[in-house]
Structures are given as C-alpha cells and as structure tokens.
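The values are calculated or read from the model by the stated rules, or taken from the named source; none is laboratory data. Because the structure is predicted, anything quoted here is derived from the model rather than measured. As a convention, Cβ positions derive from the backbone with ideal geometry for all residues, glycine included, and neighbour counts pool all protein chains shown. When the accessible area is computed, the model is the full protein with side chains, heavy atoms only, and any ligands, DNA or RNA have been set aside. Shrake-Rupley method; radii C 1.70, N 1.55, O 1.52, S 1.80 Å.
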Amino acid sequence: MEKNVILVAITALLVLLGFGNTSSASIAIHGNRATAGYWTEKNPDGDKICLTQEEIASINQAMRKKTASVTDLITYPQAVGGAELKELILGAQQDFRGETEPGEHFDKGGSPITQYDYNAAQGNCNLDAVPVSSEVRYGVVTMRTDMRLLPTAKYYFDDKSFQHYDDLQGTALDPCEPLLVLHTSKDGAFAFAIGRYYMGWVSLGAIGFTDRATWEKYVSPKNFLVVTDHKKKVHVGGAWDVLFQMGSIIPLKSSVPQGGFYQAVIPVEINGHLSEADVPIKADSTVNPGYLPCTPNNFVRQSLKFLGDVYGWGGMEESVDCSSFVQDVYRSMGILLPRDADQQELAMNHSVSLEGLNTDARYQKAAEAPVGALFFKPGHVMLYLGKDTKGTPLAIHSASSYFTFSGNKGKKHYIRRVLVSDLTYQNGKAVRTIDGMTSIGSCF
C-alpha cells in the first residue's frame, strides 16, 4: 500500500514538473484499484492453486509446439547445417531482412544512420563464413545484456529527439540464461545465439563459454531461486552488481538457507570462459526457492510489483515492454511464455476469439475470463486483474501510448508506464481497446 501511495505522488509530481500532463496520465487508474490488496480481498479463493508444476511442464511443452520462438534447448541439435543457419540469421533480422537501405534512423547522438553504417552491420553477420555445418557452442549469460537483430552496438532510433525505441533491439537477457551459440560476427564482437525465448546477436563479452554438462545445470538446475521482485541487483564478490528481472532463475548450492542467506551460484566471464562465484543472497521476499505457486492472487501480486515502472522497449532502460511484462509475471510461476505478444497469443492453452462480437459481447467475455488471463490486441498484451466493484473489467499492462481525439484530429500521448486501466482508451484509428481486442488467452 505504501509503495502505491508513493508512486501516485511521484506521478503527480512529474505532471507538475512537465514530464507528463493530465490528459496523457488519464488512462491510468490510481487509488485502491491499483493495489494488490484490493483485488486479493475481492477473491477469497485467490490463493487456490490453478496449475501444478506438473501441469505447467505439460503446458510449456505444448506452447513450444505451437510457436517456433520458444526453444527446448536440451533437445536442440548439436550441429546446424549451413543453409539452416543462414536462414536463422536472416530471419532474426525481422523487418530489416532484405532491406538494402537503413531507412530514416538515427544513432544515440542524433546523427543519421548512413548507408555505410548499415552495410557494415549487414556485412558483420559474416554469412560468407558460415560453414557447411556448425557445431553448437554452449554459453551462459553473465550480465544483463541485449539481444540484437543485427550485430552492431549502434542504436537505430526512428526519431532523433525521442530515443526510447531502438528498432534493432530484440530483447534483454538476464544473467544465468543458457545460450546455444552458432556463429560469430566478422568483427569478433558478437555471437549469434539461441535462447529459451529469442534468437539474435549478443555481445561476446556477456557470455561465458563452457562444456555441455555445466551448461545443462543452468538449463535445468536442481535447486534454484526465482526472482520474485520486479527487479533485483545481486552484489558479486564485493566488486560489481548484476541485475535480474522477475522470473530469473539463479542456481543454488542448496535450497535451504543458512543464517538467513541462500548460497547462490553467479556465472562470471573470464577471457571468454565461464567461471562461477559463490554469492550469499538474503532469504527475503525478493526471491523464492523454486517457482511461486500458480494462483490468481500471485498473478495479481506479481503484476502489481511493476506498477509505475517505465515502459522499456525490448528490455531497454532496464525495464519491460508489454510482452516481457506478462512473460516475467508468468515465468515467476514457471509458465514459459514466448517473448513477443503475437507469439504469446498463438501459444495460449485456451483462447477465446472476439472476432465478430459487438462491444457488449466483448465486455461479457472479458468479465468471464480468469484472473491472470491475457487480453490481446494487435501489437499489445494486457493482464486481467478482474472486475472492480462497479463490474468494470480492469487490466494491468506496460503501456507505451494512446490517442485522444478532438473532432477528426487525433493526438498521440506517450505515457510509457506500467499501469492499471480500463478498456476504453483508443488507438490511432479511434478504436477503443475493447473493440480492438482480438482474443483472450489463458493457460488454465
């Protein structure tokens, strides 16, 4: 409760200082409805388990079959053919695949991305050096790092004065994440890698390479902590901090704390090789030994820990966008969703299509959804909290922007926060969210 009061005060202060305005903040619901207590008190059965870990394991396997964006790392082949690898590298470029020009993009300094820059980034994919068959190398992420569509550290902003959306940013990877490394860039600075939820280019300096047996301990650790706060910094060796986001897995030497501390294993990169540091982590509410129980109340509690956090496109600004937000909430309970909203929608165990329904029928379907269900519209996903005391369905999401209209003229408002809202806010075509939703998905 205290955290939410503070967040409301901060939001109001930002408005007064000119970092927002009353209209751009108007879709965010504050007060009791933006607290976990409001929702958990409304649901006396909210702590009942909806899925066991055995059922979740089965659902995870089913989701991997529905979308190619989630990879079962353990069963992945130990070698990849050259033609297949080239296709993976080109596919990871997404909208840049086949594009001969960079388009209107700007770097961090506001300078245009030149044709020379773009050609260098494309050439750095090193496709000519792809062999007939590539042996997989096994790596572990040692610091929070970016996974990119092209092997370049240059930002590709489409607005030189509004630098929050890097079009080459795929996602962010947490420490301890296992990777399959298939190729190296021409300049030797990037690795093309496959993770659990994404593939792309990762800085080689953020990867520690190891043998398969050691690597498998990060894929399926026997004992592990799950980060249950929205983000957590772990101090390593009295020298540096590593940042984890909700749902991250940290291997343990033992699941039993000693003297109030867990003995964790943190990966460290030394000259490209994986080393490990034994690090004590306090046994508090920011971590849990194993996954949290999958309950309606945990969907509520976990999601609201992000309230007020900045919108982080592809994991930029050490934060979450809409799809990584719901992914982090779900993975804290062991449900491994795909990374992107469109793939999440395809992967749902249960899906209710809203196609052809009028507004009233859509609201009825939303109100019938289980707490923790996902509301999908093109390019966006929200997590359902429930109906408030007036019967209005509310959702929490990492929201980038919305539109208001005066006559036929629309105005875009960047709100860029994790917030609670109803389903009436509009897009650039003056379509309300409830009317633009495509489906409601759930895993239970």
How many residues does region 51-76 contain that are open to solvent by 70 Å² or more (accessible area, probe 1.4 Å) and part of a loop (DSSP other than H, G, I, E, B)? 1
Which condition number does Trp240 fail, the rest of (1) at pLDDT 95 or above; (2) of a type outside the set (A, V, I, L, M); (3) open to solvent by 60 Å² or more (accessible area, probe 1.4 Å) being met? (1)
Picked from region 245-276 (must be aliphatic (A, V, I, L, M) and open to solvent by 10 Å² or more (accessible area, probe 1.4 Å)), the residue nearest to Asp174 (Cα to Cα) is Ile249
Per the filter on region 277-287, residues surrounded by fewer than 17 Cβ atoms within 10 Å (Cβ to Cβ) and under 21 Å from the mean Cα position of the chain (by Cα) are none
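Strands (runs of 3 or more DSSP E) wholly in region 348-432 with at least 3 residues that are within 20 Å of Trp39 (Cβ to Cβ) - which ones?
Strands (runs of 3 or more DSSP E) meeting the threshold: 380-387, 393-406, 409-421.
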Scan Ser319, Ser303 and give me the residue that is hydroxyl-bearing (Ser, Thr, Tyr), closer than 18 Å to Val420 by Cβ and within 11 Å of the chain's Cα centre (by Cα). Ser319
I'm told Tyr38 meets every condition in (1) under 30 Å from Arg416 (Cβ atoms); (2) at pLDDT 95 or above; (3) part of a loop (DSSP other than H, G, I, E, B) except one. Can you identify the failing condition by its number? (3)
Evaluate the following for Glu99: is it open to solvent by 70 Å² or more (accessible area, probe 1.4 Å), in a helix (DSSP H, G or I), without any contact (Cβ under 8 Å) to a residue 24 or more places away in the chain and among the acidic types (Asp, Glu)? no
Taking region 289-304 only, how many residues are hydroxyl-bearing (Ser, Thr, Tyr) and open to solvent by 10 Å² or more (accessible area, probe 1.4 Å)? 1
Got a number for residues in region 358-370 being touching a helix residue (DSSP H, G or I) at 6+ places or on another chain (Cβ under 7 Å) and either over 24 Å from Cys50 (Cα atoms) or open to solvent by 70 Å² or more (accessible area, probe 1.4 Å) (or both)? 2
For region 313-329, does any single residue satisfy the condition of being open to solvent by less than 30 Å² (accessible area, probe 1.4 Å), of a type outside the set (S, T, N, Q), assigned to a strand (DSSP E or B) and touching a strand residue (DSSP E or B) at 6+ places or on another chain (Cβ under 9 Å)? yes
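Identify all residues within region 270-286 that are of a type in the set (Ser, Thr, Tyr) and under 21 Å from Asn298 (Cα atoms); write none if there are none.
So the first thing to find is which residues in region 270-286 are of a type in the set (Ser, Thr, Tyr), and the list is 275, 285-286.
Matches in region 270-286: Ser285, Thr286.
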Please go through region 199-217 and give me each residue that is open to solvent by less than 30 Å² (accessible area, probe 1.4 Å) and in contact with a Phe, Trp or Tyr (Cβ under 6 Å, 6 or more places away or on another chain), ordered by number. Trp201, Trp215
Picked from region 158-191 (must be among the aromatic types (Phe, Trp, Tyr) and surrounded by fewer than 21 Cβ atoms within 10 Å (Cβ to Cβ)), the residue farthest from Gly81 (Cα to Cα) is Phe162
Scope region 26-50; condition open to solvent by less than 40 Å² (accessible area, probe 1.4 Å) and not hydroxyl-bearing (Ser, Thr, Tyr); matching residues: Ile27, Ala28, Ile29, Ala34, Ala36, Gly37, Trp39, Gly46
